[in-house]
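Worksheet: the structure to be examined is printed underneath.
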Amino acid sequence: MCLAFRSGTLFISATTPKNSRSVTGDKLTDDHLLRTMQAMPKIELHRHLEGSIRLSTMVEVAKEYGIEMPEYDIEMLRPFVQMMPTEPHNSQHFLAKFMTIRQFFLSDTIIRRMTREVVADAAADNIKYLELRFTPRALANIIDCPFEDVIHWVAAEAALAVDQYGTQVRLIVSVNRHESIEIAERTLDAIIAINSPYVAAVDLAGNEKDFPAEPFQDFFERAKGTGLGVTVHAGEWGELENIRTAVAVLHADRIGHGVRAWEDMALCDWLIERGVVLEVCPTSNVHSGAVRDWAQHPLSQLYRHGVITTLNTDDPLVSNITLTDELVRVVEHMGFTVHDIKQHMLNAAKAAFLPPQEREILVSQFESALGIIPS
Ligand SMILES: [Zn+2]
């Protein structure tokens, strides 16, 4: 596989990996289960815009903007941006997909279109409330524009998409651990300058293994002081102590992934005491090598122990899934009942980064739609 950015074009070699034309993912065997999960009104709290764009849109963008490809074909592009069944499941392969994806954010029109389509796809999957996160630094990678512009484009387009598709959307703005504090501070300045009611929280993403979170303490304190929610990717690839640091030092309300918490029962109890919510993304965890396989995934143990867990896709494009697919897999692999899935939707409603009154409305709407009697 050869991939390089040359003279303003993305060059993808004609050599594609084996099985590049096969569709990734486990087959969904139980039609009734699939229909039940599709029909269920859903909430997703952890989805990256950059990892959610449509393959068909990427091919159209490549054609329109002269990104060089041997064939303008979805199956040609797929292995460069999506985890394939035959490739190793590890962070290097998983993160490599984003190196390609980043090459496609070539104009404000594209970023707006991708935002709109992500909301449309969520609505088609019967997601009623979506928290969509994006990294301004990644979207501004090529066009080199102020972060204010990127946040404005995504927020403005999200607002239009809410009207058009009916799914409620809030935005989470991500900064990366492996990038400078200065970029994070500039991102927060931009959020404050834009002052969009759609921007609800900030997130720390990126290389958790090699870059500590502590240098971002002031950033998160300042964000929290402006009323933004805080979520932090931790306990995915890095040490489980990163989870404690995210809560104790960065004041995280929610943890992205946090699956390694199960290695320390005292930490699980500590999370329960504080009401910290885990945004679990099981397929992503398998694809990125955070867990070895579905049998090793601790979601079921965390949930049954009482840790507040929610179910999410992380990156539907990269993992080739919808939230419906994710729920089906959780039922098939974890032995969850439909009631367990509903409980996860309710957990997500209660953890939404919304003002308290709006959150209460969301919770009661979901209790009623899911047929759950309020406790
Ligand atoms: Zn994530």
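Bear in mind that the values in this text are calculations on the coordinates, not laboratory data. Computed from a predicted structure; not experimentally measured. Here the Cβ positions follow ideal geometry from the backbone for every residue, glycine too, while neighbour counts run over all protein chains shown.
Dipole of the chain computed with +1 at Lys/Arg Cβ and -1 at Asp/Glu Cβ about the Cα centre; of Leu271, Met83, Ala200, farthest Cα towards the positive end is Met83.
Full extension of the chain between Gln357 and Glu64 yields a length gain of 101.0 nm, computed as 0.36 nm times the residue separation minus the alpha carbon distance.
By the helix-only formula, in which each DSSP H run with n ≥ 4 contributes -39500 (n - 2.57) and the sum is divided by residues, the chain has a 222 nm mean residue ellipticity of -14000 deg cm²/dmol.
Would you mind calculating the relative contact order of the chain from Cα pairs under 8 angstrom and at least 6 residues apart, reporting the percent as a whole number?
In percent, rounded to a whole number, it is 18.
Here the dipole of the chain is about 400 debye; that uses its Cα centre as origin and unit charges on the Cβ of Lys and Arg (positive) and Asp and Glu (negative).
Each residue of the range 223-234 was assigned a 3J(HN,Hα) from its phi angle through the Karplus curve 6.51 cos²θ - 1.76 cosθ + 1.60 (θ = phi - 60°); the sequence is 4, 4, x, 8, x, 7, x, 10, 10, 9, 5, 7 Hz, with glycine and proline shown as x.
Whole-Hz Karplus values for the range 130-146 come out as 10, 9, 9, 10, 8, 10, x, 4, 6, 6, 8, 4, 9, 7, 6, 10, x Hz, taken residue by residue from phi with 6.51 cos²θ - 1.76 cosθ + 1.60 and θ = phi - 60°; glycine and proline positions read x. The range 272-318 and the range 39-92 have Cα centres lying 22 Å from one another.
Here each label is just a point 7 Å from Cα along the line to Cβ, and for Ile143 and Ser56 those points are 2.3 nm apart.
Relative contact order, whole percent, for the range 40-184 stands at 30, derived from Cα pairs under 8 Å and 6 or more residues apart. Relative contact order for the range 128-255: 22 percent, from Cα pairs under 8 Å spaced at least 6 residues apart, divided by residue count. The amide H of Leu45, built 1.01 Å from its N in the peptide plane, has Glu131 as neighbours under 5 Å, considering only residues 5 or more places off or on other chains.
Among DSSP beta bridges whose residues both lie in the chain, state the antiparallel percentage, nearest 5. Percent antiparallel among DSSP bridges in the chain is about 10.
Shape annotation for the chain: C-alpha extents along the principal axes are 58, 49, 41 Å, from largest to smallest.
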